[in-house]
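Would you mind keeping the following structure in view while I ask a few things?
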Amino acid sequence: MKADKEVRLSWTGSGLVFDGGPVGGPQLVVDGDSATGPSPMDLVLVGVAACMAIDVKVILEKGRVPFDALDVTARGERRDRPPRHYSALQLVFNVKGVPPGSRTKVARAIELSREKYCSVLFSLRQDLELETVIEGG
């Protein structure tokens with residue numbers, strides 16, 4: 001296999017705590033108990049939120065839509081039994097400082113990320129439900 005990306009994790013010797021990240025790149029702590037770092041499932045939510053936020057920022061800038069702030073809150077609903085994958089996600093986009101006439105461009109940027117660009121989202125299961133919410137003004 002020709003890998004486009006590679007990460008490595010190493011068990012720290014304590015609980016479910018691992019250190020790792022991209023080879024040769026910034027490292028982070030991953031903790032299955034969410035005590036000393038985000039859990040793998042927390043990182044999935046961060047990945048989707050970050051991917052879509054980056055897409056939206058780039059699309060708005062290319063469309064010359066000014067904004068002052070962009071925050072995303074991601075919420076996930078997981079199955080009760082293994083595999084405990086996410087069965088539903090909600091992303092709340094809080095975009096501040098967008099001119100009133102450009103609000104539809106924000107919605108279009110989110111739609112483009114969701115339907116075409118967000119690599120993290122497309123890497124998840126096909127049956128995942130995704131809800132997006134826009135806040136701020």
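Kindly evaluate R8 against the criterion of being of a type in the set (K, R), within 25 Å of E129 (Cα to Cα) and either open to solvent by 80 Å² or more (accessible area, probe 1.4 Å) or modelled with pLDDT of 95 or more (or both). Break it down stepwise before answering.
Working: of a type in the set (K, R): yes; within 25 Å of E129 (Cα to Cα): no; either open to solvent by 80 Å² or more (accessible area, probe 1.4 Å) or modelled with pLDDT of 95 or more (or both): yes.
Here the answer is no, as R8 does not meet what is asked.
With (1) in contact (Cβ under 8 Å) with a residue 60 or more places away in the chain; (2) surrounded by 12 or more Cβ atoms within 10 Å (Cβ to Cβ) as the list, and D19 as the residue in question, which single condition is left unmet?
Among (1) in contact (Cβ under 8 Å) with a residue 60 or more places away in the chain; (2) surrounded by 12 or more Cβ atoms within 10 Å (Cβ to Cβ), the lone unmet condition for D19 is (1).
Could I ask something else about it? Tell me whether segment 40-58 contains one or more residues that are over 25 Å from K105 (Cβ atoms), within 17 Å of the chain's Cα centre (by Cα) and of a type in the set (D, E, K, R).
Yes, segment 40-58 contains at least one residue that is over 25 Å from K105 (Cβ atoms), within 17 Å of the chain's Cα centre (by Cα) and of a type in the set (D, E, K, R).
Looking at the structure I just gave you, is F18 out of contact with any Asp or Glu (no Cβ under 6 Å at 6 or more places or on another chain), more than 29 Å from I134 (Cβ to Cβ), at pLDDT 95 or above and in a strand (DSSP E or B)? Walk me through it before giving the result.
Numbers: out of contact with any Asp or Glu (no Cβ under 6 Å at 6 or more places or on another chain): yes; more than 29 Å from I134 (Cβ to Cβ): yes; at pLDDT 95 or above: yes; in a strand (DSSP E or B): yes.
Against the criterion (out of contact with any Asp or Glu (no Cβ under 6 Å at 6 or more places or on another chain), more than 29 Å from I134 (Cβ to Cβ), at pLDDT 95 or above and in a strand (DSSP E or B)), F18 qualifies.
Could I ask something else about it? Kindly indicate whether L70 is touching a strand residue (DSSP E or B) at 6+ places or on another chain (Cβ under 8 Å), open to solvent by 90 Å² or more (accessible area, probe 1.4 Å), among the aliphatic types (A, V, I, L, M) and assigned to a strand (DSSP E or B).
Spelling it out, it is not the case that L70 is touching a strand residue (DSSP E or B) at 6+ places or on another chain (Cβ under 8 Å), open to solvent by 90 Å² or more (accessible area, probe 1.4 Å), among the aliphatic types (A, V, I, L, M) and assigned to a strand (DSSP E or B).
Every residue in segment 50-62 that is open to solvent by 40 Å² or more (accessible area, probe 1.4 Å) and small (G, A, S), please.
Within segment 50-62, A50 is the sole residue that qualifies.
Does segment 95-118 hold any residues that are among the hydrophobic types (A, V, I, L, M, F, W, C), within 16 Å of G47 (Cα to Cα) and assigned to a helix (DSSP H, G or I), and which are they?
Initial filter on segment 95-118 (among the hydrophobic types (A, V, I, L, M, F, W, C)): 95, 98, 106-107, 109-110, 112, 118.
If we keep only those that are within 16 Å of G47 (Cα to Cα) too, we end up with 110, 118.
Within segment 95-118, I110 is the sole residue that qualifies.
Residue under question is S87, and the condition is that it be part of a helix (DSSP H, G or I) and either hydroxyl-bearing (S, T, Y) or in contact (Cβ under 8 Å) with a residue 60 or more places away in the chain (or both); does it hold?
No: the conditions fail for S87.
Turning to a different aspect of this structure: Does V65 satisfy the criteria of being among the hydrophobic types (A, V, I, L, M, F, W, C) and closer than 30 Å to S34 by Cα?
no
How many residues does segment 22-38 contain that are among the small types (G, A, S) and in contact (Cβ under 8 Å) with a residue 12 or more places away in the chain?
Of the residues in that region, 3 qualify.
Hey, another quick one. Mind checking which residues of segment 21-53 are small (G, A, S) and touching a Ser or Thr at 6+ places or on another chain (Cβ under 6 Å)?
Selection gives G32 alone.
For residues that are under 23 Å from G136 (Cα atoms) and open to solvent by 40 Å² or more (accessible area, probe 1.4 Å), tally how many sit in segment 77-111.
Total satisfying the criteria: 11.
Here are the criteria: (1) at positive phi; (2) touching a Phe, Trp or Tyr at 6+ places or on another chain (Cβ under 9 Å). Tell me which single one R64 does not satisfy.
(2)
Is it the case that some residue within segment 31-49 is closer than 17 Å to E135 by Cα and surrounded by 12 or more Cβ atoms within 10 Å (Cβ to Cβ)?
Yes, because at least one residue in segment 31-49 is closer than 17 Å to E135 by Cα and surrounded by 12 or more Cβ atoms within 10 Å (Cβ to Cβ).
The values are calculated or read from the model by the stated rules, or taken from the named source; none is laboratory data. Small disclaimer: the values here were computed from a predicted structure and weren't measured. Every residue, glycine among them, receives a Cβ derived from its backbone with ideal geometry; neighbour counts consider all protein chains shown. Protein only, heavy atoms only, side chains kept; ligands, DNA and RNA dropped before computing areas. Shrake-Rupley method; radii C 1.70, N 1.55, O 1.52, S 1.80 Å.
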